[in-house]
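Computed from the coordinates by the stated procedures, all read-outs in this text should not be read as laboratory data. Just so it is clear, the model here is predicted, and its values are computed rather than measured. No Cβ is skipped: glycine too gets one built from the backbone with ideal geometry, and neighbour counts run over all protein chains shown.
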Amino acid sequence: MSEASAHSQSSAAPREPRTRIVEALMELAAERQWEDITLSDVAGRADVTLSQFRDCFPSKGAALAGFSRMIDKKVLEESSADLAGESARDRLFDVLMRRLDAMAPYREGVRGIAEWARRDPVSALALNGVALNSMRFMLEAAGLDSEGPLGNVKLQGLVLAWTRVLDEWLRDEEPGLDRTMAILDAELARGGRILSRLDDVWRVASPLRTFGRALFSGGNRYDERIRERWPNPRDAATRDMGADI
């Protein structure tokens, strides 16, 4: 078999079922309301059986989480080595713009999902959890961490900022996405200011936390000393009464 023929067959090779299911779901989300999309609709569009669908995902929501992971992977596969000399804010800006680029082919599907989330607060809460996982990796890709005492605050703040950026992205018809970039820059600047203030509060409160831990720890040691001296409180009471007689 010639190299050209092998390349042609490789290019024509079908995508694996998980990818087909995710892309079928996003196509359908662009065409109709989320509530009207059935598992059979997705399976039919993806050209898989319901059994194959079930092997890949237990629900539409799980397939949607699969879409988020697929976008994560596309962003993370790109090198960030050229950002090493940039500020933390600029690195994160670049990573999140890469994420928008990766999402661009699925923009109308994302629009449909955003509208569904506004109609269904319970589902919006579940989507928040998916977004938290993605933003954790976006921070790491930018050379930032989400650990430490303020890690969860940092993550949730970034998710809220990302939601506002997505809303603008869905309205932004400019080829250069100038409005989207302006919103992203403003959100990152505001987030940086909030985190800076939180860091200050955390440092100021450090002596109080240390005192609190020492206080409770001291209380536990006091209880232990009481138990060592009088293992049975009733015995202690009896001894006190005997001393009074």
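Here are the numbers for the structure shown:
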quantity	calculated
Burial ordering of Asp72, Asp167, fewest other beta-carbon atoms within 10 Å first	Asp167, Asp72
The range 36-48 - phi-based ³J(HN,Hα) in whole Hz, Karplus 6.51/-1.76/1.60, Gly and Pro as x	8, 8, 9, 4, 5, 4, 5, 4, x, 5, 7, 6, 10
Percentage relative contact order, the range 13-58, counting C-alpha pairs under 8 Å, at least six apart	49
